[in-house]
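See below for the structure under consideration.
The values are calculated or read from the model by the stated rules, or taken from the named source; none is laboratory data. Small disclaimer: the values here were computed from a predicted structure and weren't measured. For neighbour counting, all protein chains shown are included, and Cβ atoms are generated from backbone atoms with ideal geometry for every residue, glycine included.
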Amino acid sequence: MREIRRLRVPSAVVFLSSFGLLPCLCTLTAPQATAQERAVAQEVTPPVAPVIPKRLEAHGDVRIDNYYWLNQRDNPEVIAYLEAENAYTEAVMAQTQALQETLFEEIKGRIKETDLSVPYRKGDYFYYSRWEEGKDYPIYARKRGSLDAAEQIMLDVNELAEGHGFTSVSFPQVSSEQNLIAFAHDTVGRRFYNIRFKNLDTGEILEDEIPQVTANIAWANDNRTVFYARQDPVTLRRYQIYRHILGTDPTEDELVYEEADVEFSCGVWKTKSERFMIIGTYQTLSNEFRYLDADDPVGEFMLFLPREHEHEYSLDHFGDFFYIRTNYEAQNFRLMRTPVAHTGKEHWEEVIAHRDDVLLLGFEIFRDYLVVSERKDGLRQLRIRPWSGEGEHYLDFGEPAYLAYVSANPEIDTKILRYGYTSMTTPSSVYDYDMETRERTLLKREEVLGEFDSADYVTERLHAPARDGTLVPVSIVYRKGLEKDGSNPLLLYGYGSYGASMDASFSSTRLSLLDRGFVYAIAHVRGGEELGRQWYDNGKLLKKKNTFTDFIDVAEFLIAEGYTNPAVLFAQGGSAGGLLMGAIANMRPDLFKGIVTRVPWVDVVTTMLDPSIPLTTSEYDEWGDPNEEEYYWYMLSYSPYDNVEAKDYPNMLVTTGLHDSQVQYFEPAKWVAKLRALKTDDNLLILKTNMEAGHGGASGRYRRWRETAFQYAFLLDLAGITE
């Protein structure tokens, strides 16, 4: 029996109805109804974007972009269209409302709402953040001298969030004398922050306020000078570094560095030794650094090494040397050092050599030890190396798939390494490791409330053969007792860009899927850096399609191995992972029951032809420059928006944020509009736009949990699991 009930029609829907674009709304709840069945019974049709064509010409190719007009963020018709899409999404998902609420309560019920991070020591204080039940945002606090001392609240983000639909606040940056903090506050989600200052001795918020800049802040050692980065108001590229002295007018702040090359961005920070301020400029394939004595903040920054194409490096300081992680004559990077007074490459000496099978990820300096983060066989390793004597060793983690990483270690003069560890069955954990005695102490493990037992779950590390013979790592988790008979619903996640590796980690929210019979898998496709720098190089530029075919080949492998079948196989990815989702939707729509994609980058050619769009110019070495014909045609051949055609597509949930500064909202909006016009199936296609957020989605943990519950309800409903 189907229940029909009337809905209040949102004003946005009335607005579009006046143009003949949208009929009235009512809802139908019918278990496992197709999108067409739901829509017909509800008298709901998807919003139709008015067609206002724009010609795009390049290299003799003429394309008509019917939905280009949706890039007008301030156009009331665009806002009305997005709100109408939201109304449609709410209507066709109404039958899952009870399931969404159940999932939200489950997710919330597993999390210890009043909680405390593990404090770390810096100078005279122990710093930490904590959460209180019922509150969305953290409270940043510290204790002087001992964890038994009285708490001093540095910043309560809940107070700053009052009256705002969105709030993002950077962790407070503490001055050298530890009596002042600088913090950055964004209330829109487009990553324009106001920098404020607070006197921790008096509790007073200082009059100094630096408006509409980035959250990048670094204190000099005089306790009154800060450096910060400013972005271009259109492209949002961080291109200027300014110096501010407390008590002076921010409009008179001195510009100390400007990056003229539109392919580069810049930032500022202080070395762990606190001896030098560093200005770093970076692009996909190149870096350049300048340094300044932090005790002399009005001095001139010195060039460390002139930039070179395809030379990537990073640096830190200890004693008489700068230490440099570099790919100079080392594809997988090596570690070098050079005297502070002589930074040219002719003075560099090798500390850790290049290895073909090991990627050097980073390093952490202590007075008596060097800690090196490496990646081998797709897994992170932590290597402990004394500066003198024997005793070099690796930490053993004992699981087939995991994530281990160096955590907060601001103090140099200690033998204790703070590191984090998690796996797909082990909740996030924080350890102290004595590098001399080799004893490790578990300080905290994320508490999962309820009846959670990690022994109830199984994690595996598999290798799927790609079509060119390459073995692609796959990390898998499922509930113990699962039969590999091909009947299990499976959610396959992928990213595969920028050399970002998707490590196997724990998620308490994911248990809502696993406990209902889902398998969860990560495809470590090319374009990431799981198997070294060559893994990244073979999934970018003119080899980008390897990312997409790897994901498809992993999906087929999991079907062949009995983990799932196409009727219950789902895919998920976001941002550049949304590009992956769009590509597989075009290439193999028959392989997936549904796709969930968050803030997807799908209009590749149009975006990369527009240098005014954030990230475009800085990413030519990631995707290619479409002003060059070879790259233009290659990008056009896989761009999801450009390759939508009249055929059946899977069920799809697409999310975006109106104020997204990284993937503009109009890319997914245009993509959905074009899919609606051309697709030949009756499957669900819904667009959900957060009108108050940016790239990261909703701010506040409760809102984020509701977003997750909505996505899970979409998956479970399609899988026929409604209880």
Residue that is farthest from E619 (Cα to Cα) [pool: residues in segment 639-683 that are more than 23 Å from the chain's Cα centre (by Cα) and hydroxyl-bearing (S, T, Y)]: T680
Right, L462: farther than 28 Å from R445 by Cβ, surrounded by fewer than 20 Cβ atoms within 10 Å (Cβ to Cβ) and hydrophobic (A, V, I, L, M, F, W, C) or not? no
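Table: residues versus (1) among the charged types (D, E, K, R); (2) under 17 Å from Y323 (Cα atoms).
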site	(1), (2)
Y369	no, yes
G391	no, no
I412	no, yes
K415	yes, no
M435	no, no
Exclusive hit being touching a residue at least 12 places away in the same chain (Cβ under 8 Å), within 30 Å of S612 (Cβ to Cβ), polar (S, T, N, Q) and surrounded by fewer than 21 Cβ atoms within 10 Å (Cβ to Cβ), set T271, T284, T251: T284
Answer with yes or no whether T617 is within 30 Å of Y193 (Cα to Cα) and polar (S, T, N, Q). yes
Enumerate the pairs (first residue in segment 385-411 and closer than 15 Å to L442 by Cα; second residue anywhere and modelled with pLDDT of 95 or more and of a type in the set (D, E)) with beta-carbon separation below 8 Å, excluding pairs fewer than 6 apart on the same chain, so at least 6 apart or on different chains. V406/E364
G494 vs. criteria within 20 Å of I559 (Cβ to Cβ), modelled with pLDDT of 95 or more and surrounded by 15 or more Cβ atoms within 10 Å (Cβ to Cβ): yes
Out of curiosity, is D222 charged (D, E, K, R), part of a loop (DSSP other than H, G, I, E, B) and within 19 Å of E312 (Cβ to Cβ)? no
Here the residues within segment 561-591 that are assigned to a loop (DSSP other than H, G, I, E, B) and surrounded by 24 or more Cβ atoms within 10 Å (Cβ to Cβ) are Y563, T564
In segment 593-614, the residues that are surrounded by fewer than 19 Cβ atoms within 10 Å (Cβ to Cβ) and either over 18 Å from E263 (Cβ atoms) or of a type outside the set (S, T, N, Q) (or both): L609, D610, P611
Please specify each residue of segment 354-370 satisfying the condition of being over 24 Å from E436 (Cα atoms) and either aliphatic (A, V, I, L, M) or free of Cβ contacts under 8 Å to residues at least 24 places away in the same chain (or both). R355, V358, L359
If the Cβ limit is 6 Å and pairs must be 6+ apart or interchain, which residue in segment 222-245 that is touching a residue at least 24 places away in the same chain (Cβ under 8 Å) and farther than 18 Å from K198 by Cα pairs with which residue that is surrounded by fewer than 23 Cβ atoms within 10 Å (Cβ to Cβ) and among the aromatic types (F, W, Y)? I241/Y257
Working only within segment 59-76, note down all residues that are under 27 Å from the mean Cα position of the chain (by Cα) and more than 14 Å from W671 (Cβ to Cβ). Q72, R73, D74
Looking at E106, is it touching a residue at least 12 places away in the same chain (Cβ under 8 Å) and assigned to a loop (DSSP other than H, G, I, E, B)? no
Search segment 74-118 for residues being within 20 Å of P47 (Cα to Cα) and hydroxyl-bearing (S, T, Y), and hand back the single one that is surrounded by the most Cβ atoms within 10 Å (Cβ to Cβ). Y81
Filter pass, A184 being crowded, with 19+ Cβ neighbours inside 10 Å, in the same structural domain as T251 (by TED's automatic domain parsing), part of a loop (DSSP other than H, G, I, E, B) and among the small types (G, A, S): no
The residue from I195, I181, I153 that alone is of a type in the set (V, I, T), within 25 Å of the chain's Cα centre (by Cα) and modelled with pLDDT of 95 or more is I195
Among the residues that make up segment 350-358, is at least one of them farther than 25 Å from N409 by Cα, not small (G, A, S) and not in a loop (DSSP other than H, G, I, E, B)? yes
Please work out if A713 is under 25 Å from T102 (Cβ atoms) and assigned to a helix (DSSP H, G or I). yes
Check segment 395-410 and report whether any residue there is surrounded by fewer than 16 Cβ atoms within 10 Å (Cβ to Cβ), farther than 30 Å from I552 by Cβ, more than 26 Å from the chain's Cα centre (by Cα) and not aliphatic (A, V, I, L, M). yes
Of the residues that sit in segment 437-467 and are in contact (Cβ under 8 Å) with a residue 40 or more places away in the chain and part of a loop (DSSP other than H, G, I, E, B), which one is nearest to K415 (Cα to Cα)? R438
Applying the selection to segment 340-349, what residues are surrounded by 13 or more Cβ atoms within 10 Å (Cβ to Cβ) and either in a strand (DSSP E or B) or in contact (Cβ under 8 Å) with a residue 24 or more places away in the chain (or both)? T343, K345, W348
List the pairs whose first member sits in segment 150-165 and is in a loop (DSSP other than H, G, I, E, B), whose second member is at pLDDT 95 or above, and whose Cβ atoms are under 9 Å apart, counting only residues at least 6 apart or on separate chains? A150/K143; A150/R144
Does segment 640-649 contain at least one residue that is assigned to a helix (DSSP H, G or I) and hydrophobic (A, V, I, L, M, F, W, C)? no
Considering A693, A713, which residue is surrounded by 23 or more Cβ atoms within 10 Å (Cβ to Cβ) and either modelled with pLDDT under 85 or of a type in the set (S, T, N, Q) (or both)? A693
Quick check on this structure: which one of R196, R142, R121 is surrounded by 15 or more Cβ atoms within 10 Å (Cβ to Cβ), in a strand (DSSP E or B), among the charged types (D, E, K, R) and out of contact with any Pro (no Cβ under 9 Å at 6 or more places or on another chain)? R196
For segment 628-649, does any single residue satisfy the condition of being at pLDDT 90 or above, under 23 Å from Y712 (Cα atoms) and touching a strand residue (DSSP E or B) at 6+ places or on another chain (Cβ under 8 Å)? yes
